[in-house]
Amino acid sequence: MRYTLRQLEVFLAVARAESVNQAAKALFMSQSAASGSLSDLERQFDVQLFDRVGKRLQLNQLGRSLRPRAEAVLEQARELEQTLEKHKDVGQLRIGATLTIGNYLAVPLMAQFMRAHPGAALTLAVANTEEIARQVENFEIDVGLVEGEIEHADLRLTAWRDDELVVFCAPSHPLARKRVLKDEDLRQAAWIVRERGSGTRQAFDRAMRGLLPDLQIALALQHTEAIKGAVAAGLGIGCISRIALEDAFRIGTLKPCAVPHRDFRRQFFFLLHKRKYLSPGVERWLELCRAEAKISPRPIR
């Protein structure tokens, strides 16, 4: 074999960091050793894998095409190492989740997974849909749990479980006394909503199609708890996942508003790189999530 796993590690680290120096730090190597490893790999096969753009190294077309294969080779090598050591069953699992899923669903699932697989090492990154998609594309996380729909040639979106958004307000808000909200009520209200790029905002915009230019967006916030707090303080009405509102509805600090003529249903999704090797850990994580949702996997695209 004319290449080493270390050379592949350096290649992938440089691809992520776009810098030999930063890649060397991530791998606990000297810069000269990392640079030499990358140069040796390119020289052995008489290829160039990066283009220099200013101070950054960016993957060229050949480098981009090889990256998923290199990721898969290293993933299988790690799995083989773990099997030989017989210390860990599923090894490391890097999970990414959008805010609603990360705050209300992912942690209990992780606890259940770790009870079933005591040797597993799980990490959780929480961000909006666009950022989770970027991390999946960049092989920084193994699987994403997202609220928004993504169209990307290298990513696969698969249905996970159903969800719905709910319009809500403070109990003291004038709209709390209305049995049903009409479009005119929605136009006149001040709205506290999620930021663009989030799956919740995507679903909200879709549900409000035809009204969006007329809506008064008072605040766009990144966190559901901040939206709940702003609505409870009387700054406007909101629209987020029912999952995030159940406790507040039960104790009466927030009140749901009926908007039956608007469709607030949506789905949560698994997001995976199409060319990523699915380790036993990833497979078991997906099985657990599906079992908890009690639905069968259904490809979206």
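The values are calculated or read from the model by the stated rules, or taken from the named source; none is laboratory data. Computed from a predicted structure; not experimentally measured. All Cβ positions, glycine included, derive from the backbone under ideal geometry; neighbour counts span all protein chains shown.
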| task | With the condition kept exactly as written, say whether any residue in segment 133-149 is closer than 21 Å to Asp205 by Cβ and in contact with a Pro (Cβ under 6 Å, 6 or more places away or on another chain). | result | no
| message | Being out of contact with any Gly (no Cβ under 8 Å at 6 or more places or on another chain), over 21 Å from Thr129 (Cα atoms) and in contact (Cβ under 8 Å) with a residue 40 or more places away in the chain is the filter here; which residues of segment 184-221 pass it? | response | Leu186
| said: Among the listed residues Ile227, Ile217, identify the single one that is among the β-branched types (Val, Ile, Thr), farther than 21 Å from Asn103 by Cβ and not assigned by TED's automatic domain parsing to the domain that holds Leu99. | reply: Ile217
| said: Can you list residue pairs whose Cβ atoms sit under 7 Å apart, with the first residue in segment 35-54 being crowded, with 17+ Cβ neighbours inside 10 Å and the second being at pLDDT below 90? Count only pairs 6 or more apart in sequence or on different chains. | reply: Leu41/Tyr3
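Listed here are the residues, each with its yes/no results for (1) assigned to a strand (DSSP E or B); (2) touching a residue at least 12 places away in the same chain (Cβ under 8 Å); (3) within 23 Å of Phe269 (Cβ to Cβ).
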site: Leu62; (1), (2), (3): no, yes, no
site: Arg67; (1), (2), (3): no, yes, no
site: Ile95; (1), (2), (3): yes, yes, yes
site: Val107; (1), (2), (3): no, yes, yes
site: Phe113; (1), (2), (3): no, yes, yes
site: Ala133; (1), (2), (3): no, yes, yes
site: Val136; (1), (2), (3): no, yes, yes
| query | If you go through segment 4-33, how many residues are in a loop (DSSP other than H, G, I, E, B) and surrounded by 15 or more Cβ atoms within 10 Å (Cβ to Cβ)? | reply | 4
| field | Residues that are surrounded by 17 or more Cβ atoms within 10 Å (Cβ to Cβ) and within 28 Å of Pro213 (Cα to Cα), drawn from segment 150-186 | value | Ile150, Asp163, Leu165, Val166, Val167, Phe168, Cys169, Ala170, His173, Leu175, Leu181, Leu186
| field | Within segment 175-236, helices (runs of 4 or more DSSP H) holding 3 or more residues that are more than 28 Å from the chain's Cα centre (by Cα) | value | 183-188
| Inside segment 98-119, can you point out the residues that are among the aliphatic types (A, V, I, L, M), surrounded by 19 or more Cβ atoms within 10 Å (Cβ to Cβ) and out of contact with any Asp or Glu (no Cβ under 7 Å at 6 or more places or on another chain)? | Leu99, Leu105, Ala106, Met110
| query | Among the residues of segment 242-292, how many are within 18 Å of the chain's Cα centre (by Cα), small (Gly, Ala, Ser) and over 27 Å from Ala189 (Cβ atoms)? | reply | 1
| task | Run down Ala170, Ala159 and say which single residue is closer than 21 Å to His273 by Cβ and in contact (Cβ under 8 Å) with a residue 24 or more places away in the chain. | result | Ala159
| Exactly one of (1) out of contact with any Leu (no Cβ under 9 Å at 6 or more places or on another chain); (2) among the acidic types (Asp, Glu); (3) under 25 Å from Ile101 (Cβ atoms); (4) assigned to a helix (DSSP H, G or I) is unmet by Glu140. Its number? | (4)
| note | Selection from segment 34-60 of residues of a type in the set (Phe, Trp, Tyr) and in a helix (DSSP H, G or I) yields Phe45
